[in-house]
Amino acid sequence: HVFSLQKKSKVQYAHSELTARLLGPSKSGEVGEVNLPWSCAIYSVMNWMVAFADVEGIQTMCLKVLPYLLDDEQQRTTAQKAGLTDVVLRGMVLFPDSKDLHKAAFHTIVLLAPPPCGEE
């Protein structure tokens, strides 16, 4: 028997008004607020990972940034409660051949593993 390998098609998404507002210019042409509070960092990275789940480069970049954020107990607790582990695992499934992504993902998962402070 000859097995034929079918190339998996890339996931395609419809136009997103949310993404257009985030990435596109504002109606007034002015730049939006970029000095967000530290507490928004995890949510910001997670939003990029969810919005661009099909873009390997963005996934890898976000995963490489996460360890710096997760060193902070408050950020780690926020990430655990927000479901970052699920987002990381989804990226690993979508890009099974990306060594860089998997290396960064494993680093992130290790940092997410400890329970929140005081819950050991």
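The values are calculated or read from the model by the stated rules, or taken from the named source; none is laboratory data. The shown structure was predicted, so the numbers you read here are calculated from the model rather than taken from an experiment. Here Cβ is always computed from backbone atoms with ideal geometry, including for glycine, and neighbour counts include all displayed protein chains. SASA here: full protein model, heavy atoms, side chains in, ligands and nucleic acids out. Shrake-Rupley method; radii C 1.70, N 1.55, O 1.52, S 1.80 Å.
Have a look at VAL55, VAL34 and point out the one that is at pLDDT 90 or above and over 9 Å from the mean Cα position of the chain (by Cα). Step through it out loud before you land on a result.
On the way: VAL34 fails: at pLDDT 90 or above.
VAL55 is the lone residue from the list that is at pLDDT 90 or above and over 9 Å from the mean Cα position of the chain (by Cα).
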Under 9 Å between Cβ atoms, which residue pairs at least 6 apart in sequence (or on different chains) link something in region 42-71 that is farther than 13 Å from LEU94 by Cα with a partner that is surrounded by fewer than 17 Cβ atoms within 10 Å (Cβ to Cβ) and among the β-branched types (Val, Ile, Thr)?
VAL45/VAL65; TRP48/ILE58; ALA51/THR19; ALA51/ILE58; PRO67/VAL110
In region 73-89, the residues that are open to solvent by 30 Å² or more (accessible area, probe 1.4 Å) and under 15 Å from HIS107 (Cα atoms)
ARG76, GLN80, THR85, ASP86, LEU89
All-but-one check, ASP97 against (1) surrounded by fewer than 16 Cβ atoms within 10 Å (Cβ to Cβ); (2) without any contact (Cβ under 8 Å) to a residue 24 or more places away in the chain; (3) in a helix (DSSP H, G or I), failing number (3)
Checking the structure you have, find out if any residue of region 56-66 is out of contact with any His (no Cβ under 6 Å at 6 or more places or on another chain), of a type in the set (Gly, Ala, Ser) and surrounded by 16 or more Cβ atoms within 10 Å (Cβ to Cβ).
no
Within region 100-120, the residues that are assigned to a helix (DSSP H, G or I), surrounded by 12 or more Cβ atoms within 10 Å (Cβ to Cβ) and either modelled with pLDDT under 95 or not hydroxyl-bearing (Ser, Thr, Tyr) (or both) are ASP100, LEU101, HIS102, LYS103, ALA104, ALA105, PHE106, HIS107, ILE109, LEU111, LEU112
